[in-house]
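One structure is given here, and the rest of the page talks about it.
The values are calculated or read from the model by the stated rules, or taken from the named source; none is laboratory data. This one's a predicted model, so the numbers in the text were calculated from it and none came from an experiment. For neighbour counting, all protein chains shown are included, and Cβ atoms are generated from backbone atoms with ideal geometry for every residue, glycine included. Note: areas computed on protein heavy atoms with side chains; ligands, DNA, RNA excluded. Shrake-Rupley method; radii C 1.70, N 1.55, O 1.52, S 1.80 Å.
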Amino acid sequence: MKVAAIVLAAGASRRLGQPKQNILLGGETLLERTVRVAKLAGLDPVYVVVAPGQELSSLPFATMLFNPNAPEGMAASIRTGVLAAGGDGAEGAVILACDQPAVTPEHLSSIVGDRTAIVASSYAGRKGVPAYFPAATFEQLLELRGDIGARQLISNVSAMELANGDLDIDTEEDLARAQTIYSTAKR
């Protein structure tokens, strides 16, 4: 059976002031990197959820899903990806953000684990994405609303530590930190 990747990339990048999906880091865009890492972890298919009209580079090995409800927030993108994964018969899905350069194929493989329970990532004293959701939880994911994502569903689950997982590219300072850490390493 297959485990899908749902890459959330429909955000407007308001705080950064430019589309974070297209920012180069280590010779590839953040979005290309996220898709590459998901594929190396064996996740298939890889869905990239974007807002209609976003200008993104072509992504081999990924299926673009357009989220017409992107202004609602993260939950609408999760629903878009889960509908596609469920329709393709995936036994589970890993939800990832496109702006977390610390994510590695090894980390993604570790959270998939035995494929029967939700497993989140942990960093900076909290739980977050990437997180694995078995198909049995898809109905709960489809009920999400707003811009808080699946936070409630992962609050009391097992989590795997993700070093530097708190680094997501939301500001120029975050980008400078990521460039310092990841500019030459293709992880």
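Before we move on, is residue 110 in a helix (DSSP H, G or I), farther than 14 Å from residue 5 by Cβ and in contact with a strand residue (DSSP E or B) (Cβ under 6 Å, 6 or more places away or on another chain)? Explain how you work it out, then say what you get.
Working: in a helix (DSSP H, G or I): yes; farther than 14 Å from residue 5 by Cβ: yes; in contact with a strand residue (DSSP E or B) (Cβ under 6 Å, 6 or more places away or on another chain): yes.
So residue 110 passes the test.
Residues that are closer than 20 Å to residue 41 by Cβ and free of Cβ contacts under 8 Å to residues at least 24 places away in the same chain within segment 122-169 comprise just one, 137.
Residue 177 meets each of the listed conditions (1) open to solvent by less than 70 Å² (accessible area, probe 1.4 Å); (2) within 20 Å of residue 30 (Cα to Cα) apart from (1).
Checking the condition modelled with pLDDT of 95 or more and closer than 27 Å to residue 180 by Cβ, which residue from 41, 76 passes?
Working: 76 fails: closer than 27 Å to residue 180 by Cβ.
The unique qualifying residue is 41.
Going by the structure shown, is residue 129 within 11 Å of the chain's Cα centre (by Cα) and open to solvent by 10 Å² or more (accessible area, probe 1.4 Å)? Quick ask: steps written out before the conclusion?
Working: within 11 Å of the chain's Cα centre (by Cα): yes; open to solvent by 10 Å² or more (accessible area, probe 1.4 Å): yes.
Answer is yes for this residue.
If you check 59, 65, 83 for being in a loop (DSSP other than H, G, I, E, B), over 12 Å from the mean Cα position of the chain (by Cα) and not basic (Lys, Arg), only one passes: 59. Quick one: what pairs do we get from segment 170-183, first residue β-branched (Val, Ile, Thr), second modelled with pLDDT of 80 or more, C-beta under 7 Å, 6+ apart or different chains? Correct list of pairs: 181/164.
Here residue 141 fulfils each of the conditions (1) under 19 Å from residue 9 (Cβ atoms); (2) in contact with a Phe, Trp or Tyr (Cβ under 9 Å, 6 or more places away or on another chain); (3) assigned to a helix (DSSP H, G or I); (4) open to solvent by 60 Å² or more (accessible area, probe 1.4 Å) apart from (4). Candidates in segment 35-56 are the residues that are open to solvent by 30 Å² or more (accessible area, probe 1.4 Å) and more than 14 Å from the chain's Cα centre (by Cα); of these, the one that is nearest to residue 98 (Cα to Cα) is 56.
When residue 147 is tested against the conditions (1) closer than 17 Å to residue 81 by Cβ; (2) modelled with pLDDT of 90 or more; (3) of a type outside the set (A, V, I, L, M, F, W, C), the lone failure is (2).
What number of residues within segment 144-187 are of a type in the set (Gly, Ala, Ser) and assigned to a loop (DSSP other than H, G, I, E, B)?
8
The single condition among (1) exposed (fewer than 14 other Cβ atoms within 10 Å of the Cβ); (2) more than 28 Å from residue 26 (Cα to Cα); (3) modelled with pLDDT of 90 or more; (4) not hydroxyl-bearing (Ser, Thr, Tyr) that residue 161 does not meet is (2). Just the residues that are part of a helix (DSSP H, G or I), open to solvent by 10 Å² or more (accessible area, probe 1.4 Å) and closer than 17 Å to residue 181 by Cβ, please, taken from segment 18-33. Of everything in segment 18-33, those that are part of a helix (DSSP H, G or I), open to solvent by 10 Å² or more (accessible area, probe 1.4 Å) and closer than 17 Å to residue 181 by Cβ turn out to be 20, 33.
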